[in-house]
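Asker: This is the structure I want to talk about, given as structure tokens.
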Amino acid sequence: MNAVDGSVVQLRAGGTSIIALVDAGRLPRIVHWGADLGELDDAALSAIVLSALPAVGDSAVSYPQPVPVLPQLAEGWLGRPGLSGSSDGTRWAPKFGAASTSVETRDGGQILRCDAVDAEYGLSLSIEIEVLASGLARQRATLVNERGESYRVDGLELAFPVPVTATEVLDFTGRWSLEKVPQRRPFHIGAWLRESRGGKPGLEHTMLLAAGEAGFGFQSGAVWAVHLGWSGNQVLAAERMPSGVQHLSAGEIILPGEVTLAAGERYTSPWLYGSWGNGLDELAGRFHNEIRSWPQHPSSPRPVILNTWEAVYFNHDLATLSALAEKGAALGVERFVVDDGWFLGRRSDRTSLGDWTVDPAVWPMGLEPLAQRVRELGMEFGLWFEPEMINLDSELARTHPEWIFDAGHGAGIPSRYQHVLDLGHEGAYAHVRDAMFALVGALDIAYIKWDHNRYLLDAGHSPSGRPGARVQTLQAYRLMAELKQAFPGLEIESCASGGGRIDLGVLAHTDRVWPSDCNDPHERLEIQRWTGLMVPPEYQGTHIGAAESHTTHRIHPLDYRAEKALWGHLGVELNLLEEDEATLATVGSWIAFHREHRGLLHSGRVVHADLPNAATRLQGVVARDGAEALYAFSVTERPANWPPGRVTLPGLDGERSYRVSAVFPGTPLPEGAVVPPWLWSGVTLPGRVLGTIGIEAPSLDPDTSMLFHVTAVDA
């Protein structure tokens, strides 16, 4: 710990520094968050703080101040308060003081702990600010009600400051089958809020809220971003004060009465994560490094999946799915997943959710013969569930209508003919848990696709009708944790109509996310690269879909569909029983290529080139030791200028030389391609040349791509 008279602390790890002012018994105020400033002595720390303090005239309220991690009205903060709550209208403007701080080193990072009290209100507060070994920062707060009267928490938002050079805000919107659509705006005075109130982050939610230098890209421009590690209702805010002070904050949206603290009770906020970088790739790399450091990060190669959904939908029978499994195994598939349609009466999406019993009309001998056949073929067996949902047309709804969320007006508006099963009822929780435990145990299930297709809108817990969304999130975490504990090695995918529940809260319990229900490669290129700002490739499910997309009805060549699926946890969602031998052979070639290179794809640094031509993309993965890389150059629409010109290959070691070769796992050359001379024989150049001036790109038709394999010549 660096300290100046106990008033300044510096945290350093993973290329990140936080310098916080902790003087006068106040809560920490972050003076700097971003690039590592190196080891600073007491004089330097004192000078940094001194140089950061503003000139103050007759009122500290209207002048700049170092951003407190928990802004307080009583300290002159005119923006969004960090803590909102009251005791029936009193104790509503807290002022925490008498703060004590300590710093410790843990797991290669450093953590600042601060304990403070509001003696007049009878509240105590503990804040943790941590710089992890990955360079990711995070903070959370725990509030304790020390007084006899209850205290209702309405919101608790923590904040990270961003400098005045961050003049542009990036966030995301979206909808079903079109997630993570970027949008940019100037960082104006005021607050830019992104709220999610559907009981999960949602398809339209931003995942990250970023602010950076104007025009920041993947390789250039300083940028900072925050993310809330929580799978329920939440708010993210970018706020700039008239004084010029600006910050990024986030917190759980707490519905009325969801958190009411009796004497001695506590509330702990979700972790607020912060990352920064010179360009978005560096920012994303800190998230990737952190997730890959988790003890539960998958250590085995990510098995290639065959999922039955777009292949057969609800049309299940033993002969068809056994034949499909046999076709998949012959192509190199390693995990066979039976999607929706296997349980009692489930012939469409209108019925049976909650009745987690294998349908004897379709499976007279149960799923055991199929699971056994899958394992005989050398594959793992997986199964789809939607544990938090219920159809009104189900035995469960008829038996326990009180287990359906109801805020006082009945079950509410259906979505996809379904409602939400209130897991806050211990009976409902036990019903789902016991059914899942029985099937996972009996079938030796290795993988669960966990879906979540309806928002929690009027999610009232019966019979009171009080909000139950927060408890539902905690119960989902609990069930995932119980499954993992009971069945070591079981993997779970988080799917919520596609990418509707992707956050570090659910990722702590799962092994894969489904970025989108859209397998159209034109859309997937963008969805995957923006999801990748937080989620590393090995966690992103990426499937080869049908020639005609089931969501957009575009038609794409197999090589483009397969290439876009290459960059994550590969899967196949084709009906292999209807494909010709040439198609099967090409799919098998792509699977073999993926399996050959997945060690690189699932451990390397993800990079993107900032190309001047908006119709082109270049993405890649570079090995940690710099010895190898794989890139894809894609054309997404017809460019105004032709040929597309040079593209740079970022991320390589500038002091090493590399051999660049085009590789063709499927068709030798995309139809209509016109290639530059270097491509026929390959080219060898220093990494600094490839990263600075690059190579001439091939001229491709829209929605086609080409792969470049790059190897260090001294490797």
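Asker: I need the calculated FRET efficiency for the pair Ala481 and Thr583, taking r as the beta carbon distance and R₀ as 35 Å, to the nearest 0.05.
Answerer: After rounding, the FRET efficiency stands at 0.25.
Asker: Report Trp176's accessible area, 1.4 Å probe, all protein chains in place, as a number in Å² to the nearest 10.
Answerer: In the full protein context, Trp176 sits at about 120 Å².
Asker: What ³J(HN,Hα) values, in whole Hz, does the Karplus curve 6.51 cos²θ - 1.76 cosθ + 1.60 give for the stretch 103-118 when θ = phi - 60°, with x put for Gly and Pro?
Answerer: Each residue of the stretch 103-118 in turn: 10, 9, 9, 8, 6, x, x, 9, 10, 9, 10, 9, 10, 9, 9, 10 Hz.
Asker: Below 8 Å between Cα atoms, with a sequence gap of 6+, how large is the relative contact order for the stretch 263-343 in percent?
Answerer: So the answer I get is 30 percent.
Asker: Further question on the same structure: Give the relative contact order (percent, whole number) for the stretch 546-692; include only Cα pairs under 8 Å separated by 6+ residues.
Answerer: 18 percent.
Asker: Quick one: which residues, 5+ away or cross-chain, put their amide H under 5 Å from the amide H of Leu456? H built at 1.01 Å from N.
Answerer: Result for Leu456 returns Gly199, Lys200.
Asker: May I pose another question? Using heavy-atom solvent-accessible surface (probe 1.4 Å) with all chains present, what is the largest-first order of His461, His247? Spell out each step's value before the answer.
Answerer: Working: His461 60, His247 5 Å².
Descending accessible area places them as His461, His247.
Asker: Here's something else I'd like to know. Between Leu669 and Ala547, how many nm apart are label points set 7 Å from Cα along the C-beta direction?
Answerer: 2.3
Asker: While we're on this one: Measure off 7 Å from each Cα along the Cα-to-Cβ vector at Ala627 and Asn641, then give the distance between these two points in nanometres to one decimal.
Answerer: My value for the distance between the label points is 3.8 nm.
Asker: Residues of the chain: accessible area per residue at 1.4 Å, in Å²?
Answerer: 36
Asker: Which value, in debye to the nearest 20, describes the size of the charge dipole of the stretch 458-546 about its Cα centre when Lys and Arg Cβ atoms bear +1, Asp and Glu Cβ atoms bear -1, and nothing else is charged?
Answerer: 360
Asker: Now for a separate question. Ignoring ligands, DNA and RNA, please state the percent of accessible area on the stretch 449-517 from carbon and sulfur, probe 1.4 Å.
Answerer: Numbers: 1120 of 1940 Å².
The value for the stretch 449-517 is 58 percent carbon and sulfur by accessible area.
Asker: Among Phe708, Met241, Thr583, whose Cα lies farthest out toward the positive end of the dipole of the chain, if unit charges sit on the beta carbon of Lys, Arg (+1) and Asp, Glu (-1)?
Answerer: Of the options given, the answer is Met241.
Asker: So, with +1 on the Cβ of K and R and -1 on the Cβ of D and E, and no other charges, what is the size of the charge dipole of the stretch 140-245 about its Cα centre, to the nearest 20 debye? Let's see the in-between values first.
Answerer: Numbers: 11 positive and 11 negative charges, 42 e Å.
Dipole of the stretch 140-245, to the nearest 20 debye: 200 debye.
Asker: Place +1 on the Cβ of every Lys and Arg and -1 on the Cβ of every Asp and Glu in the stretch 173-314, take the dipole about the Cα centre, and give the residue among Trp271, Thr173, Trp224 whose Cα lies farthest towards its positive end.
Answerer: Positive-end residue among those listed: Thr173.
Asker: Counting only the heavy atoms of the protein chains, how much of Leu53 is accessible to a 1.4 Å probe, in Å² to the nearest 10?
Answerer: Solvent-accessible area, nearest 10 Å²: 90 Å².
Asker: Run the dipole for the chain about the Cα centre, Lys and Arg Cβ at +1, Asp and Glu Cβ at -1, nothing else charged, and hand back the magnitude in debye, nearest 20.
Answerer: Dipole magnitude for the chain comes out near 780 debye.
Asker: Also, quick follow-up: Which cross-chain or sequence-distant (5 or more) residues have an amide H under 5 Å from the amide H of Ala627, H modelled 1.01 Å from N in plane?
Answerer: Those lying under 5 Å, H to H, from Ala627: there are none.
Asker: Here's another thing I want to ask about it. With a 1.4 Å probe and every protein chain kept in, tell me what percent of the accessible surface of the stretch 6-161 is carbon plus sulfur.
Answerer: Carbon and sulfur atoms account for 51 percent of the accessible area of the stretch 6-161.
Asker: Taking the DSSP beta bridges in the chain as the whole, what percent of them are antiparallel, to the nearest 5? Walk me through the intermediate numbers first.
Answerer: Values: 137 of 162 bridges.
Taking every DSSP beta bridge with both residues in the chain, the antiparallel ones total about 85 percent.
Asker: What value, in deg cm²/dmol to 500, does the helix sum -39500 (n - 2.57) over DSSP H runs of n ≥ 4 give at 222 nm once divided by the residues of the chain?
Answerer: -6000 deg cm²/dmol
Asker: Oh, and also: To the nearest 0.05, what FRET efficiency results for Leu377 and Arg554 with a Förster distance of 56 Å applied to their C-beta separation? Numbers along the way, then the final one.
Answerer: Details: r = 33 Å, r/R0 = 0.58.
Result of the calculation: an efficiency of 0.95.
Asker: Follow-up. Work from the charge dipole of the chain (Cβ charges, +1 for Lys and Arg, -1 for Asp and Glu, about the Cα centre) and give the residue of Ile305, Trp77, Leu457 farthest towards its positive end.
Answerer: The one lying farthest along the dipole's positive direction is Trp77.
Asker: Could you order Phe385, Phe487 by accessible surface area, starting with the largest, using a probe radius of 1.4 Å?
Answerer: Ranked list, largest accessible area first: Phe487, Phe385.
Asker: Under a 1.4 angstrom probe, counting protein chains only, how are His188, His597 ranked by accessible area, largest first?
Answerer: His188, His597
Asker: Continuing with this model, one more query. Leaving out ligands, DNA and RNA, and with a 1.4 Å probe, what % of the accessible surface on the stretch 530-572 is carbon or sulfur? Kindly include the intermediate steps, with their values, before the conclusion.
Answerer: Values: 550 of 940 Å².
Of the solvent-accessible surface of the stretch 530-572, carbon and sulfur hold 58 percent.
Asker: Count the lysine pairs in the chain whose Cα atoms sit under 25 Å apart, keeping only pairs 8 or more residues apart in sequence or on different chains.
Answerer: 9
Asker: Related question: For Cα extents along the principal axes in Å, the choices are [x] 87, 49, 43; [y] 80, 69, 42; [z] 93, 73, 68; which was calculated from the structure?
Answerer: [y]
Asker: Could you grab the relative contact order for the chain? Cα pairs under 8 Å, six or more apart, rounded to a whole percent. Write down the numbers at each step before the final one.
Answerer: Working: 1739 pairs, mean separation 67.8, N = 715.
It comes to 9 percent, rounded to a whole number.
Asker: Could you run the Karplus curve 6.51 cos²θ - 1.76 cosθ + 1.60 with θ = phi - 60° over the stretch 627-644 and give me ³J(HN,Hα) per residue in whole Hz, x for Gly and Pro?
Answerer: Ordered by residue, 3J(HN,Hα) equals 7, 7, 7, 9, 10, 10, 9, 10, 10, 9, 7, 6, x, 6, 9, 8, x, x Hz.
Asker: With a 1.4 Å probe and every protein chain left in place, tell me how much accessible area Thr320 has, in Å² to the nearest 10.
Answerer: Roll a 1.4 Å probe over it and Thr320 shows about 40 Å².
Asker: Between Thr357 and Asp317, what FRET efficiency follows from the Cβ-Cβ distance if R0 is 30 Å, with the result rounded to 0.05?
Answerer: E between Thr357 and Asp317, to the nearest 0.05, is 0.95.
Asker: Counting only residues 5 or more places away or on other chains, whose amide H sits under 5 Å from the amide H of Tyr447 once H atoms are built in the peptide plane?
Answerer: The list, which skips near neighbours in sequence, is Leu383, Glu491.
The values are calculated or read from the model by the stated rules, or taken from the named source; none is laboratory data. Quick caveat: nothing in here was measured; it's all calculated off a predicted structure. Methodologically, a virtual Cβ is constructed for each residue, glycine included, from the backbone with ideal geometry; neighbour enumeration extends over all protein chains shown. All accessible areas refer to the heavy atoms of the entire protein, side chains included, with ligands and DNA or RNA removed. Shrake-Rupley method; radii C 1.70, N 1.55, O 1.52, S 1.80 Å.
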